[in-house]
Amino acid sequence: MTDRVPRPTLHGYLVIDKPGGWTSFDVVARARRILGEKRIGHAGTLDPAATGVLPLAVGAATKTLEFLTDASKTYLAEITFGIETDSQDIEGRVTRISDASTLTADRVTAALHQMLGPQEQIPPMHSAIKIGGQKLYELARRGEEIARPPRPVTFYTLELCAWHPPVATVLIDCSKGTYIRSLARDLGESLGTGAYLSNLVRTRSGPFTLDDAITIAELEELPWPWIWPEVAMHPDVPVQAWPALVLDDLAATRWQQGATIPAHDGAAGLIRAYDEAGRWLGTGYADETGTGWRPGKVVTVTAGEGSAA
């Protein structure tokens, strides 16, 4: 079969259901070894204790990772009241225990409702944010705590899905840069009981969902590279909401050479480009005159390339 079927070119997105105890980089390193491809990056770091959606950009798909920077995310979080930890999650050291026996589902729901919409959130000390050139988690490991400026975040959905005292299961849809550990901390403070994040599953990251994901065990067992067209998503997934520009052979060649493609007056915004065979050529934008499309991220394709296959 391998003599007749072209070897698949590994350009596209793999969505991994990250297991607990793995860092996001652990997953990238394993994927590089299995696929034999160095050009792999991930979109949206997950804490080691968390599980769920971790999109991996492979090959030319790494050119669209930057377009996932502002992507919103969805989580299913378990928040345990009456206990606080120094990391605000299950991996931390318990710092305080309080009585949460009078807490009710109605009170938790009301507190969640107050947190909907734009908020200012103080990031946890156990995070990779740099202040004064040092990562916060490095300071935290030395027992240091410093003032952290609040960051703007937005909660679009905060829904109490289950209440098994003292544990709340909460569906969260939020903006980029949100720390669910900080949400647990703030929720516990507002209710006067303290709280920590006892479990976290990311069910969506931008356009990628848990339904798209495969496990590390499946990644190990699948027949690479021939299975690629069946499990990978097209590298243009992050930009599929943009208008598409289809170029004839001459224009496609000019595009790959970095030349501006003439457009009707009034061209504006961002576009994704393809040749007439449907091969992906990358992304571009309208020039300052509005009369041309300028290549931004150029993907060089040959026959058989340009898709997830």
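The values are calculated or read from the model by the stated rules, or taken from the named source; none is laboratory data. Just so we're clear, the structure is a prediction, and the values are computed from it rather than from any experiment. When we count neighbours, we look across all protein chains shown, and the Cβ atoms used for this are built from the backbone with ideal geometry, even at glycine. Please note that ligands, DNA and RNA were not included when accessible areas were found on the heavy atoms of the full protein model with its side chains. Shrake-Rupley method; radii C 1.70, N 1.55, O 1.52, S 1.80 Å.
Assorted remarks:
- GLU159 being open to solvent by 30 Å² or more (accessible area, probe 1.4 Å), farther than 23 Å from ALA43 by Cβ and in contact (Cβ under 8 Å) with a residue 24 or more places away in the chain: yes
- Candidates in region 119-156 are the residues that are at pLDDT below 75 and of a type in the set (S, T, N, Q); of these, the one that is most open to solvent (accessible area, probe 1.4 Å) is GLN134.
- Residue check, ALA232 open to solvent by 30 Å² or more (accessible area, probe 1.4 Å) and under 31 Å from the mean Cα position of the chain (by Cα): no
- Residues that are under 21 Å from GLN88 (Cβ atoms), touching a Phe, Trp or Tyr at 6+ places or on another chain (Cβ under 7 Å) and surrounded by 21 or more Cβ atoms within 10 Å (Cβ to Cβ) do occur in region 182-190.
- Contact map, region 86-97: residues that are touching a residue at least 12 places away in the same chain (Cβ under 8 Å) paired with residues that are of a type outside the set (A, V, I, L, M, F, W, C) and open to solvent by 100 Å² or more (accessible area, probe 1.4 Å), Cβ distance under 7 Å, separation 6+ or inter-chain. Pairs shown: ASP86/ARG93.
- Within region 63-73, considering residues that are hydroxyl-bearing (Ser, Thr, Tyr) and open to solvent by 20 Å² or more (accessible area, probe 1.4 Å), the one farthest from ALA43 (Cα to Cα): SER72
- Within region 205-223, the set of residues being touching a residue at least 12 places away in the same chain (Cβ under 8 Å), farther than 29 Å from GLY269 by Cα and touching a helix residue (DSSP H, G or I) at 6+ places or on another chain (Cβ under 8 Å) comprises ILE214, ILE216, LEU219, GLU220.
- Any hit, region 255-262, residues being among the aliphatic types (A, V, I, L, M), touching a helix residue (DSSP H, G or I) at 6+ places or on another chain (Cβ under 6 Å) and more than 30 Å from ARG93 (Cα to Cα): yes
- Meets criteria (out of contact with any helix residue (DSSP H, G or I) (no Cβ under 9 Å at 6 or more places or on another chain), open to solvent by less than 50 Å² (accessible area, probe 1.4 Å) and within 28 Å of ASP17 (Cα to Cα)) for LEU116: no
- For region 224-263, taking the residues that are in a helix (DSSP H, G or I) and without any contact (Cβ under 8 Å) to a residue 24 or more places away in the chain, the one that is farthest from ALA286 (Cα to Cα) is identified as GLU230.
- Within region 88-109, the set of residues being within 20 Å of ILE172 (Cα to Cα) and either aliphatic (A, V, I, L, M) or part of a loop (DSSP other than H, G, I, E, B) (or both) comprises GLN88, ILE90, THR104, ALA105, VAL108.
- Test set (1) in a helix (DSSP H, G or I); (2) within 21 Å of the chain's Cα centre (by Cα) - LEU112 fails condition number: (2)
- Residues (among the aliphatic types (A, V, I, L, M), part of a helix (DSSP H, G or I) and open to solvent by 10 Å² or more (accessible area, probe 1.4 Å)) located in region 22-59: ALA29, ILE34, LEU35
- Within region 1-21, being over 26 Å from ILE180 (Cα atoms) and either part of a strand (DSSP E or B) or under 16 Å from the mean Cα position of the chain (by Cα) (or both) holds for one residue alone: GLY12.
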